[in-house]
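The next block holds one structure in the form of structure tokens; read it before the comments.
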Amino acid sequence: MKHRFGTLLTAAALAGLLAGARDASAQITPAAGYTPPDDTPKVNVGGTIYADYTYQEDPLVKDSDGNNVHSSAFNLTRAYINVTGSISHWVAFRITPDVVRVGPIPIGGANVNVPGVTGQLTYRLKYAYGQFNLDGFEGQHGPWLTQGDWIRFGQQQTPIVDYEEQIYRYRFQGTIFVEREGFLTSSDLGGSVHWVLPGNFGDFHGGVYNGEGYTAPETNDQKAYQVRGTIRPAPMIPVLKGLRITGFYDGDHYVRNAKKERIIGQLTFEHPYLNAGFDYLTARDQNASASKPVVTASGYSIWATPRTPIGFEALLRYDVLRPNTSVPGHKKRYIGGLSYWFPVTKAGIASALLADFEEVKYDGFPVGNANFKPTERRLALHTLFQF
């Protein structure tokens, strides 16, 4: 009897112990499961089309019969096919061919008009690069680097042109100041690194490039070292989070000891009802030979795109360039237009119409100077289709 009672007590104690263990385990939050990154290869295909109709009011041009006429034309200035994607969460890529109208062909050191070829629309390669994403490194306390950090190799965007165009948004009217005046190109062959500051306080993008741009092969042993640094002073203050201060430097040489240098200071602002920017440029060139004197150019561009909640925007822009600070003369560009941006429901998709007037004046240049030209005035209807 005693043995049986002890057995019952032992069984009861064991049952109580097991019940307590079950209650204790029910109070413990299970460990969060690890979700591995998605390494499924992805390929996306899209496109970008810039088409316009342009009427040139001044100067008049002569047709094949010698008549003075106002030049007018339907144009296709851009037709990209964008192939983007990823091989894994570590590796991404982009291939973008670009339409261009072929001009004179370089043959035997001279540019020659080739019948049946010159004047045709053809495709050339604009971008073709591989990208290694650095934000995939995980440590005990989370990612080692910030979202958007990467290394690129191949034919790719240069640090400042593509960056500013994401704010300016009107490349379909024409390129930004430093590219339109021939000081920089939007794409080149090289390697670059992008680093985003923690807390959304800015970013840095720097690289080594051929320096000839994507339209020409490398011609010598000189390379372009380009770096852009951008600071966002107040990313947590709603009205000021769109304010960014940027500095850019491009150090290159045409040949050994023949300087090719660009320095840009930039201030931009983004807001639901206004994007605006100011660029100041200083450039130094010893074109083609170290024996030539250094030519210093300077200029600035100021632009604003006030907008409404119903898709209408204005484009206001004023560029001033002094091609040679030791010679009198300024090139001035005025752009004014009204656009409508069609509603979209997905990032990366855009469609817009822009009617604009553009005037280019060449003020104060000496007669015989290469920049001594008549005033240009153009009216145009531009379209953007991005998908």
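A few notes on this one:
- Contacts under 8 angstrom Cβ, first residue in the range 220-243 being open to solvent by 70 Å² or more (accessible area, probe 1.4 Å), partner basic (Lys, Arg), 6 or more apart: 221/256; 231/244; 241/232
- Here is the figure for the range 301-318: residues that are under 20 Å from residue 247 (Cβ atoms) and buried (at least 17 other Cβ atoms within 10 Å of the Cβ) total 2.
- Of the candidates 286, 266, the single residue that is closer than 27 Å to residue 145 by Cβ and open to solvent by less than 40 Å² (accessible area, probe 1.4 Å) is 266.
- Here residue 257 does not qualify as at pLDDT 95 or above and polar (S, T, N, Q).
- Residues of the range 346-387 that are within 17 Å of residue 58 (Cα to Cα), aliphatic (A, V, I, L, M) and without any contact (Cβ under 8 Å) to a residue 40 or more places away in the chain: 360 alone.
- Residue within the range 263-278 that is at pLDDT 95 or above and over 16 Å from residue 167 (Cβ atoms) present: yes
- A Cβ distance below 6 Å, combined with a sequence gap of six or more or placement on separate chains, defines the contacts here; from the range 103-117, residues that are farther than 15 Å from residue 215 by Cα reach residues that are surrounded by 11 or more Cβ atoms within 10 Å (Cβ to Cβ) and modelled with pLDDT under 75 in the pairs 112/105; 114/105.
- Note on the range 44-143: enclosed strands (runs of 3 or more DSSP E) holding 1 or more residues that are modelled with pLDDT of 85 or more, within 27 Å of the chain's Cα centre (by Cα) and not aromatic (Phe, Trp, Tyr) are 72-86, 91-101, 121-133.
- Of all residues in the range 200-219, those satisfying the criterion of being open to solvent by 30 Å² or more (accessible area, probe 1.4 Å) and not in a loop (DSSP other than H, G, I, E, B) are 200, 204, 208.
- Which listed residue, of 280, 273, 254, is open to solvent by 30 Å² or more (accessible area, probe 1.4 Å), of a type in the set (Phe, Trp, Tyr) and over 21 Å from residue 316 (Cα atoms): 254
- Some residue of the range 187-199 being loosely packed, with under 15 Cβ neighbours inside 10 Å and farther than 30 Å from residue 297 by Cα: yes
- Count - residues of the range 172-186 that are open to solvent by 40 Å² or more (accessible area, probe 1.4 Å) and over 18 Å from residue 252 (Cα atoms): 1
- Of all residues in the range 167-191, those that are aromatic (Phe, Trp, Tyr) have Cβ atoms under 8 Å from Cβ atoms of residues that are modelled with pLDDT of 95 or more and open to solvent by 30 Å² or more (accessible area, probe 1.4 Å), 6 or more apart or on another chain, in 177/300.
- Residues of the range 328-356 classified as hydrophobic (A, V, I, L, M, F, W, C), touching an Asp or Glu at 6+ places or on another chain (Cβ under 9 Å) and open to solvent by 20 Å² or more (accessible area, probe 1.4 Å), total: 2
- All of (1) in a strand (DSSP E or B); (2) more than 19 Å from residue 305 (Cβ to Cβ); (3) under 28 Å from the mean Cα position of the chain (by Cα) hold for residue 346 with one exception: (1).
- Among residues of the range 321-340 that are over 12 Å from residue 356 (Cβ atoms) and among the small types (Gly, Ala, Ser), those with a beta-carbon under 6 Å from a residue that is assigned to a loop (DSSP other than H, G, I, E, B) and open to solvent by 30 Å² or more (accessible area, probe 1.4 Å) at least six positions away or on a different chain give the pairs 329/364; 329/371.
- The range 258-270 residues that are without any contact (Cβ under 8 Å) to a residue 60 or more places away in the chain, paired with ones that are crowded, with 17+ Cβ neighbours inside 10 Å and of a type in the set (S, T, N, Q) (beta carbon under 6 Å, 6 or more apart): 258/286; 259/286
- Among the residues listed as 155, 166, the single one being polar (S, T, N, Q), open to solvent by 70 Å² or more (accessible area, probe 1.4 Å) and modelled with pLDDT of 85 or more: 166
The values are calculated or read from the model by the stated rules, or taken from the named source; none is laboratory data. Treat the numbers as computed from the prediction; the structure is a model and nothing was measured. Note that we place each Cβ from the backbone using ideal geometry, even for glycine, and neighbour counts take in every protein chain shown. The area values use the complete protein model at the heavy-atom level, side chains included, leaving out ligands, DNA and RNA. Shrake-Rupley method; radii C 1.70, N 1.55, O 1.52, S 1.80 Å.
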